[in-house]
Amino acid sequence: MARNLRKFLTGRNKGLHEFTLLLLRLCLGCWMIYGHAWHKIDNYDLLKFTFADPLGIGRALSLQLVIAAEAGGSLLLILGLWTRLALLPLLFTMGIIVWKVQWEAGFGKLELPLLYTLGYVTVLFLGPGKYSIDEK
């Protein structure tokens with residue numbers, strides 16, 4: 001028992017590593033779709049007139065690009081399909097949220113996009129893992 005505990009605490013478990021990458025991809029993708037993209041899709045008619053336009057490209061286009069990143073990118077992330085490529089628009093969106101939209105609001109508003117960014121960067125560096133379409 002003590003030997004197994006020590007191995008768990010100090011050793012590298014390849015199976016657990018792969019499962020953790022799958023869990024991270026699933027959680028990040030599902031939470032982004034459910035918590036953010038779905039609301040934007042559901043309220044598109046109202047948001048296209050009130051959505052932030054930090055890049056000066058128009059509110060409706062900004063909203064459409066964010067929906068594409070949050071919904072499309074997250075779906076690809078969940079599937080593990082073109083994972084690193086799918087992360088680029090998600091990371092860009094989080095960067096805009098942090099630096100252009102929420103920066104002056106303080107850490108309380110920055111915490112969530114920074115956590116998403118950390119998760120996305122982790123998957124970007126480690127790859128999608130064994131349980132992904134990319135690895136098939």
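LEU118 passes every criterion in (1) under 17 Å from the mean Cα position of the chain (by Cα); (2) on the phi > 0 side of the Ramachandran plot; (3) not polar (S, T, N, Q) apart from (2). For segment 17-33, the count of residues that are in contact with a helix residue (DSSP H, G or I) (Cβ under 7 Å, 6 or more places away or on another chain), of a type in the set (Lys, Arg), farther than 21 Å from TYR131 by Cβ and surrounded by 14 or more Cβ atoms within 10 Å (Cβ to Cβ) is zero. Being among the basic types (Lys, Arg) and closer than 30 Å to LEU61 by Cβ is a description that does not apply to ARG6.
Annotation note: of GLU104, GLU111, the sole residue that is of a type outside the set (A, V, I, L, M), modelled with pLDDT under 95, surrounded by fewer than 13 Cβ atoms within 10 Å (Cβ to Cβ) and more than 27 Å from LEU21 (Cα to Cα) is GLU104. Just one of the listed residues (ALA69, ALA37) is more than 16 Å from ASP134 (Cβ to Cβ), at pLDDT 95 or above, in contact with an Asp or Glu (Cβ under 6 Å, 6 or more places away or on another chain) and not charged (D, E, K, R), and it is ALA37.
The values are calculated or read from the model by the stated rules, or taken from the named source; none is laboratory data. Quick caveat, the model's predicted, so the values are computed rather than measured. Note that we place each Cβ from the backbone using ideal geometry, even for glycine, and neighbour counts take in every protein chain shown.
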